[in-house]
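K.L.:
Below you will find the structure I want to go over with you.
Any read-out appearing in this document is the output of simple, stated calculations on the displayed coordinates, not a laboratory observation. Because the structure is predicted, anything quoted here is derived from the model rather than measured. Virtual Cβ from ideal backbone geometry, glycine too; neighbours counted across all protein chains shown.
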Amino acid sequence: MRVILWCCRIFIFLFLLAFAVKNSAPVSIRFFFDTSWQAPLIIVALAFFAAGMALGVLALCGTVFGLRREISRLKRGGKTAEAREGIVDTTDL
């Protein structure tokens with residue numbers, strides 16, 4: 001199984017390397033106020049890919065933190081219910 005996984009990793013790396021070599025022509029990104037940025041196409045593509053991933057992670061942070069708060073609230077509620085009913089928590093032993 002590890003051999004297959006490493007073969008897949010090597011294939012993906014070689015595919016991305018060939019993609020980077022083929023897309024090394026310089027491109028110009030034009031911003032507002034007549035500013036521009038020139039870089040190889042692969043750098044621009046990777047920069048926007050990384051920026052998209054970062055925005056996706058930031059968009060999920062609110063949901064993740066909200067779910068963590070709810071889990072901790074439910075755990076506290078479960079422990080108080082166990083204390084009321086006299087149930088002993090065996091995970092602490």
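K.L.:
Using each residue's phi in segment 50-59, evaluate 6.51 cos²θ - 1.76 cosθ + 1.60 at θ = phi - 60° and report the 3J(HN,Hα) Karplus result to the nearest Hz, with x for Gly and Pro.
P.N.:
With the stated coefficients, segment 50-59 comes to 5, 5, x, 5, 5, 5, x, 5, 5, 5 Hz.
K.L.:
Provide the three semi-axes, in whole Å and in decreasing order, of the ellipsoid equivalent to segment 18-62 as defined by the square roots of 5 times the Cα gyration tensor eigenvalues. It would help to have the intermediate numbers written out before the result.
P.N.:
Values: eigenvalues 117, 62, 3 Å².
The three semi-axes for segment 18-62 are 24, 18, 4 Å.
K.L.:
Hey, got the dipole for the chain? About the Cα centre, +1 on K and R Cβ, -1 on D and E Cβ, debye to the nearest 20?
P.N.:
In debye, rounded to 20, the chain gives about 80.
K.L.:
Provide the per-residue ³J(HN,Hα) series for segment 22-39, in order, calculated from phi with Karplus coefficients 6.51, -1.76, 1.60 and θ = phi - 60°, each as a whole number of Hz, with x at glycine and proline positions.
P.N.:
So the J values, rounded to whole Hz, are 5, 10, 9, 5, x, 10, 10, 9, 9, 9, 6, 6, 6, 9, 9, 9, 10, 7.
K.L.:
Once all Cα-Cα distances of the chain are split into 10 Å bins that start at 0, what whole-number percent is in each one?
P.N.:
Answer for the chain: a P(r) of 12, 19, 19, 18, 15, 11, 7, 0 percent.
K.L.:
Can you list the residues, at least 5 places off or on another chain, whose amide H is less than 5 Å from the amide H of A39, using H built in the peptide plane?
P.N.:
V27, I29
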